[in-house]
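Written below as structure tokens is the structure these notes are about.
What follows is calculated from the coordinates using simple rules that are stated; it is not laboratory data. Since we're looking at a predicted model, the values are computed, not measured. Cβ sites come from the backbone with ideal geometry, for glycine too, and all protein chains shown count toward neighbours.
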């Protein structure tokens, strides 16, 4: 089921807004003062990516994109837990 043209445009505008926020957050990933800041920023960028994929799937009416979003969400979770475990083992927790 495809969205109406107005709804599809609104979904794509929302996706574009999230992409802009994620790109702005990449500065925190690179310049973050502490390792936990960087881990959280990477997690937020990954979560925004999942939401963007879901919004695009709804806008174009392609439900198979949601499978990609689900796999990416699981990979994002594994990455976040791996980075957290790595930073704890190195003594990076404040």
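Measure nothing fancy, just the Cα-based angle from helix 64-89's long axis to the longest principal axis of the chain, in degrees from 0 to 90, nearest 10.
Long axis of 64-89 versus the principal axis of the chain: about 10 degrees.
Where does each of 77, 65 land when they are ranked from fewest to most other beta-carbon atoms within 10 angstrom?
77, 65
For the ranges 23-33, 9-19, what's the packing order if you count other beta-carbon atoms within 10 Å of each residue, average per peptide, and put the highest first?
So the peptides 23-33, 9-19, ranked by packing, come out 9-19, 23-33.
Checking the a/c ratio against 1.5 first, then a/b against b/c, what shape does the Cα gyration tensor give for the chain?
Verdict is oblate for the chain.
Report, to the nearest 10°, how far helix 5-31 tilts away from the longest principal axis of the Cα atoms in the chain, using its own Cα long axis and a range of 0 to 90°.
10 degrees
Restricting to DSSP H runs of at least four residues, report the calculated mean residue ellipticity at 222 nm for the chain, -39500 (n - 2.57) per run over all residues, nearest 500 deg cm²/dmol.
Per the formula, -30000 deg cm²/dmol.
Once both axes come from the Cα atoms, what is the angle between helix 35-60 and the longest principal axis of the chain, in degrees from 0 to 90, rounded to 10?
Approximately 10 degrees, to the nearest 10.
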